[in-house]
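In what follows, a single structure is set out as C-alpha cells and then discussed.
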Amino acid sequence: MSKKLEEIIRVDHAGERGAIKIYDGQLFALQLLKGDKDLEKKVSEMKEHEKEHLKYFEQQLAERKIRPTILLPLWDILGTALGFGTALLGKKATMLCTASVEEVIDQHYKDQIEYISTNEKKEKDLLSKVKKFREDELEHRDIAYEEGADKEGIYGVLDAIIKTGSRTAIKISEKI
C-alpha cells in the first residue's frame, strides 16, 4: 500500500472523528444553554452521517494496519471546544462552523477522489466511499446555509479561522 493511501485513510479517520466532536460540543451547548430543539435535531442528524463515515475509516485503519494520528486526543479537545464555542455564539455561528468545515472537506475529498482515480485503480471501494461521504458533507454544507450560515461582518473572520484550523489539522494528521 502506498504511503499516500495510508495518509488518506489516517486523515479521513481523524476528520470524521473531529466532525463528531464538533457536533458533540454543539449539542452539549444547545442542550444545556440554548433550548433550540430544531437546531439540535439538525445537528444530531448530521452527526449520524459522520458516525457512519467514522465507522468505515476505523475499519480501514484496522484492516490495513494503519495507525491513527497521534494527535487524536488534541483534535478531540479542539473539536469539542470549537463546537461548544460556536453554539454559544448562536445559530448563525453554529451553522457557519458546519459550512466552513464542509467547504474545506469538499476540496479535500475532491483531491482524494482525483488521486485515487488516477493512482489507486484497485481501490474501488475506498473511492466509492469517499465519493459518497463527499456528497453527505455537501448536503451538510447546504443545510448550514439554509439554516442561516453566512460570512458577513465578523462571521467572515470566524470562517477564516475555522478554515485555517481545518486545513492545518488535515496537513498535520496526514503525517503524524
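The values are calculated or read from the model by the stated rules, or taken from the named source; none is laboratory data. This one's a predicted model, so the numbers in the text were calculated from it and none came from an experiment. Methodologically, a virtual Cβ is constructed for each residue, glycine included, from the backbone with ideal geometry; neighbour enumeration extends over all protein chains shown.
Take the conditions (1) closer than 19 Å to residue 15 by Cβ; (2) not in a helix (DSSP H, G or I); residue 48 misses just one of them, which is (2).
So that you can scan it fast, the table gives a plain yes or no per residue for (1) part of a helix (DSSP H, G or I); (2) hydrophobic (A, V, I, L, M, F, W, C); (3) within 13 Å of residue 96 (Cα to Cα); (4) in contact with a Cys (Cβ under 9 Å, 6 or more places away or on another chain):
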position: 133; (1), (2), (3), (4): yes, yes, no, no
position: 136; (1), (2), (3), (4): yes, no, no, no
position: 145; (1), (2), (3), (4): yes, no, yes, no
position: 155; (1), (2), (3), (4): yes, no, yes, no
position: 160; (1), (2), (3), (4): yes, yes, yes, no
position: 163; (1), (2), (3), (4): yes, no, yes, no
position: 166; (1), (2), (3), (4): yes, no, no, no
position: 170; (1), (2), (3), (4): yes, yes, no, no
position: 174; (1), (2), (3), (4): yes, no, no, no
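Quick grid of which residues meet (1) more than 14 Å from the chain's Cα centre (by Cα); (2) in a helix (DSSP H, G or I); (3) on the phi > 0 side of the Ramachandran plot:
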position: 10; (1), (2), (3): no, yes, no
position: 22; (1), (2), (3): no, yes, no
position: 33; (1), (2), (3): yes, yes, no
position: 41; (1), (2), (3): yes, yes, no
position: 63; (1), (2), (3): yes, yes, no
position: 67; (1), (2), (3): yes, no, no
position: 74; (1), (2), (3): yes, yes, no
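When the criteria are applied in full, residue 65 fails the requirement of being crowded, with 18+ Cβ neighbours inside 10 Å and either under 24 Å from residue 151 (Cβ atoms) or at pLDDT 95 or above (or both).
Per the listing 151, 121, the residue uniquely assigned to a loop (DSSP other than H, G, I, E, B) and either closer than 21 Å to residue 1 by Cβ or under 18 Å from the mean Cα position of the chain (by Cα) (or both) is 121.
When 96, 88, 126 are screened for being of a type in the set (A, V, I, L, M) and farther than 25 Å from residue 172 by Cβ, only 88 passes. Looking across region 37-51, the residues that are in contact (Cβ under 8 Å) with a residue 40 or more places away in the chain and over 20 Å from residue 81 (Cβ atoms) come down to 42, 49. If the condition is being at pLDDT 95 or above and in contact with a Ser or Thr (Cβ under 6 Å, 6 or more places away or on another chain), then region 145-176 contributes 159, 162, 163. Inspection of region 83-105 finds no residue satisfying the criterion of being under 18 Å from residue 24 (Cβ atoms) and part of a loop (DSSP other than H, G, I, E, B). The C-beta contact set for region 1-27 (first residue in contact (Cβ under 8 Å) with a residue 24 or more places away in the chain and under 17 Å from residue 64 (Cβ atoms), second residue surrounded by 24 or more Cβ atoms within 10 Å (Cβ to Cβ) and aromatic (Phe, Trp, Tyr), distance under 6 angstrom, 6+ apart or interchain) comprises 12/57; 13/57; 16/57.
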